[in-house]
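Asks: Here you go, one structure.
The values are calculated or read from the model by the stated rules, or taken from the named source; none is laboratory data. What you see is a predicted model, and the numbers here were worked out from it, not measured in a lab. Counting neighbours? That spans all protein chains shown, and the Cβs are built from the backbone with ideal geometry, glycine included.
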Protein chains: 2
Amino acid sequence: MAVFAAQGDPRRSMPLLWRAPDSSAGHPGPKPALNVDVIVDAAIAVADAEGMAGLSMRAVGERLGCTAMALYTYVADKSALVDLMYDRAHAELATDYRGPWRAAVTAWAEDLWAFYLRHPWVLTVSQARPVLGPHEFDVLEALLRALRGTGLSGREVRSVVGTLSHFVRGAAQMSAESRQAAAATGLSDDDWWYARSPLLSEVAPDFAERYPEICWLEAERAGEPVNETVPYMENEARETFEVGLSILLDGVSARM
Amino acid sequence: MAVFAAQGDPRRSMPLLWRAPDSSAGHPGPKPALNVDVIVDAAIAVADAEGMAGLSMRAVGERLGCTAMALYTYVADKSALVDLMYDRAHAELATDYRGPWRAAVTAWAEDLWAFYLRHPWVLTVSQARPVLGPHEFDVLEALLRALRGTGLSGREVRSVVGTLSHFVRGAAQMSAESRQAAAATGLSDDDWWYARSPLLSEVAPDFAERYPEICWLEAERAGEPVNETVPYMENEARETFEVGLSILLDGVSARM
DNA sequence: CGAGATTACTTTACGCGATAAGGAGACGTG
DNA sequence: CACGTCTCCTTATCGCGTAAAGTAATCTCG
């Protein structure tokens, strides 16, 4: 159910992404009431507020005081709009990270984590066919500059980039979806768990013998301090992000 | 657009997941023509063939020679069906990996990678609210047993599990979505790229100055042997998986 | 054996999604 | 002023999940 990017006619989408000069003057016909920028902004606002599932052409139109069909004068179709949203959003990210490679890569990952939590809908856009917009390239360029200091080969750098991206996306997605699930169902992580855990022992009375390692893990957790202010899964995702990033960068160090 | 699991009434879904005894005998009414198992199998077949986007109640019904509404006698709603599909599919995976921890964890990751490529729709099911079925627990238990040998603390093990999961999912998703994009659009990775790359230099003539690191990476790649038999992105994803896993486990070693 | 309860499954219908098709009106240029 | 062009609207189609209500099959009980 991922949303696919870069599917449409590139002769139309690429100039929009790279803001090629409009070359539009002296047209007949009524003055356009809108422009692509305004539409993309409105679409991002809808997606931030309602998630990708709530992003419909009608919803964007409504926010702009026009019908869904009016938007088709400016963008070829919904997927082209998502391409533009995706690249525009990435403009928020920093394009340079100074200092030693490990600090720079960590800062890059932290910024990306925060970005994904601000715009969780970005995580639903598939990476398989990249958008090829300027800001996505900026983000990659920034990471590559930070990785320069490792002295790794191009081959290794490519794998590190992929691994870091998958990791940050996955961890952020866990956090974002947990938030989304709570909002959509009205059940907090705790509510959800308390509704299920008694049933689990009822339906699987041999749980402890069947899954000793899982029980060991749970027992270990019992001795840890609990952060009451953050929902369970978000806390878990954040911890995975921090520790996992550090482990991953240890692995990179070991390769140098 | 992730599909959410474990949303429905747990009093109904948990017994189905854990196959509690039916306690159904001597009912009035017509004989059931179907059963949950048959429905779940058909649904998995549909999702394997058409992807999660092609999984509709009508499609499953059609495969079984009944209407979509007939299925609602057996499963509460579509999301309950997805829960059952998710857990049933995981039954394919091994439940034990012997040998030293690194080999065992690598085998676990390899099996999971292959599993995700066989059933890419599994990747669209959110992890934020786990299904809590027996086979998902089996998979986790197997990984934990493999990680036993590292001697890490529960806290660290939890982060390693999360990191590994995010990583394998991300890499497999890249590969699966690339395949899916090619099938859906009829454009191979190469076709797709050849349609876009000339436009990129047209629309961004200063690409080389603006993105020197990206260009360096591309230049490095030019000197590498090319595997013609595998589409570009799938090859890239596989390489990221192999090298990334090795880096990640180096990082785990460093913690021990 | 017939009546009534219960269950399986069907048909129909609703609201919402993307977007094709075609029409109405606004505007620049001849 | 009229024509061609462009914007934006209305309408319509198809597919989705599933609510509602109807029909028919099969049990238990008298």
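Asks: Within region B:51-69, can you find the residues that are within 14 Å of another protein chain (Cβ to nearest Cβ), in a helix (DSSP H, G or I), within 9 Å of DNA strand D (Cβ to nearest atom) and in contact with a helix residue (DSSP H, G or I) (Cβ under 7 Å, 6 or more places away or on another chain)? Break it down into steps so the answer makes sense when it comes.
Replies: Taking region B:51-69 and keeping what is within 14 Å of another protein chain (Cβ to nearest Cβ), we get B:51-56.
After this cut, where a residue has to be in a helix (DSSP H, G or I) as well, the list is B:52-54.
Within this subset, residues satisfying the condition of being within 9 Å of DNA strand D (Cβ to nearest atom) are B:53-54.
The one that is within 14 Å of another protein chain (Cβ to nearest Cβ), in a helix (DSSP H, G or I), within 9 Å of DNA strand D (Cβ to nearest atom) and in contact with a helix residue (DSSP H, G or I) (Cβ under 7 Å, 6 or more places away or on another chain): B:54.
Asks: Going by the conditions given, is residue A:204 modelled with pLDDT of 90 or more, touching a Phe, Trp or Tyr at 6+ places or on another chain (Cβ under 6 Å) and either more than 8 Å from chain B (Cβ to nearest Cβ) or surrounded by 11 or more Cβ atoms within 10 Å (Cβ to Cβ) (or both)? Talk me through it step by step, then tell me what you get.
Replies: On the way: modelled with pLDDT of 90 or more: yes; touching a Phe, Trp or Tyr at 6+ places or on another chain (Cβ under 6 Å): yes; either more than 8 Å from chain B (Cβ to nearest Cβ) or surrounded by 11 or more Cβ atoms within 10 Å (Cβ to Cβ) (or both): yes.
Here the answer is yes, as residue A:204 does meet what is asked.
Asks: Read through the list (1) more than 8 Å from chain A (Cβ to nearest Cβ); (2) under 30 Å from residue A:79 (Cα atoms); (3) β-branched (Val, Ile, Thr); (4) part of a helix (DSSP H, G or I), then give the number of the only condition that residue B:139 fails.
Replies: (2)
Asks: Further question on the same structure: Using beta carbons and a limit of 6 Å, which pairs, at least six apart or on different chains, have the first residue in region B:237-251 and farther than 13 Å from residue B:110 by Cα and the second one surrounded by fewer than 21 Cβ atoms within 10 Å (Cβ to Cβ)?
Replies: B:249/B:102; B:250/A:254; B:251/A:250
Asks: So residue B:123 passes all but one of these: (1) facing chain A (nearest Cβ under 10 Å); (2) over 15 Å from the mean Cα position of the chain (by Cα); (3) within 24 Å of residue A:235 (Cα to Cα). Which condition number does it fail?
Replies: (2)
Asks: Restricting the search to region A:164-191, which residues are in a helix (DSSP H, G or I), of a type in the set (Ser, Thr, Tyr) and modelled with pLDDT of 90 or more? Steps first, please.
Replies: Taking region A:164-191 first, the residues in a helix (DSSP H, G or I) are A:164-185, A:189-191.
From what is left, the residues that are of a type in the set (Ser, Thr, Tyr) are A:165, A:175, A:178, A:185.
Within region A:164-191, A:165, A:175, A:178 qualify.
Asks: Same structure, new question: Tell me, which residue of region A:235-246 that is facing chain B (nearest Cβ under 7 Å) and buried (at least 23 other Cβ atoms within 10 Å of the Cβ) is nearest to residue B:128 (Cα to Cα)?
Replies: Only one residue fits best here, namely A:240.
Asks: Which is modelled with pLDDT under 95, in contact with a helix residue (DSSP H, G or I) (Cβ under 8 Å, 6 or more places away or on another chain) and either over 23 Å from residue A:160 (Cβ atoms) or within 16 Å of DNA strand C (Cβ to nearest atom) (or both), of A:76, A:128? Outline the logic, then answer.
Replies: On the way: A:128 fails: either over 23 Å from residue A:160 (Cβ atoms) or within 16 Å of DNA strand C (Cβ to nearest atom) (or both).
Within the list A:76, A:128, the selection yields A:76.
Asks: Kindly evaluate residue A:179 against the criterion of being of a type in the set (D, E, K, R) and at the interface with chain B (Cβ under 7 Å from one of its Cβ atoms).
Replies: Numbers: of a type in the set (D, E, K, R): yes; at the interface with chain B (Cβ under 7 Å from one of its Cβ atoms): no.
For residue A:179, the condition - of a type in the set (D, E, K, R) and at the interface with chain B (Cβ under 7 Å from one of its Cβ atoms) - is not met.
Asks: Please go through region B:166-202 and give me each residue that is among the acidic types (Asp, Glu) and over 22 Å from the mean Cα position of the chain (by Cα), ordered by number. Steps first, answer last, please.
Replies: The initial filter retains those residues of region B:166-202 that are among the acidic types (Asp, Glu), namely B:177, B:189-191, B:202.
B:190, B:191, B:202 - these are the residues of region B:166-202 that are among the acidic types (Asp, Glu) and over 22 Å from the mean Cα position of the chain (by Cα).
Asks: Hey, residue B:79 hits all of (1) assigned by TED's automatic domain parsing to the domain that holds residue B:242; (2) among the polar types (S, T, N, Q); (3) within 15 Å of DNA strand D (Cβ to nearest atom) but one; which does it fall short on?
Replies: So the condition that residue B:79 fails would be (1).
Asks: Suppose we filter A:141, A:136 for residues that are among the acidic types (Asp, Glu), more than 16 Å from DNA strand C (Cβ to nearest atom) and over 25 Å from residue B:187 (Cβ atoms); which single one remains?
Replies: Working: A:136 fails: over 25 Å from residue B:187 (Cβ atoms).
Going through A:141, A:136 in turn, just one is among the acidic types (Asp, Glu), more than 16 Å from DNA strand C (Cβ to nearest atom) and over 25 Å from residue B:187 (Cβ atoms): A:141.
Asks: Would you call residue B:155 outside the structural domain of residue B:109 (by TED's automatic domain parsing) and out of contact with any Gly (no Cβ under 9 Å at 6 or more places or on another chain)?
Replies: Working: outside the structural domain of residue B:109 (by TED's automatic domain parsing): no; out of contact with any Gly (no Cβ under 9 Å at 6 or more places or on another chain): yes.
Here the answer is no, as residue B:155 does not meet what is asked.
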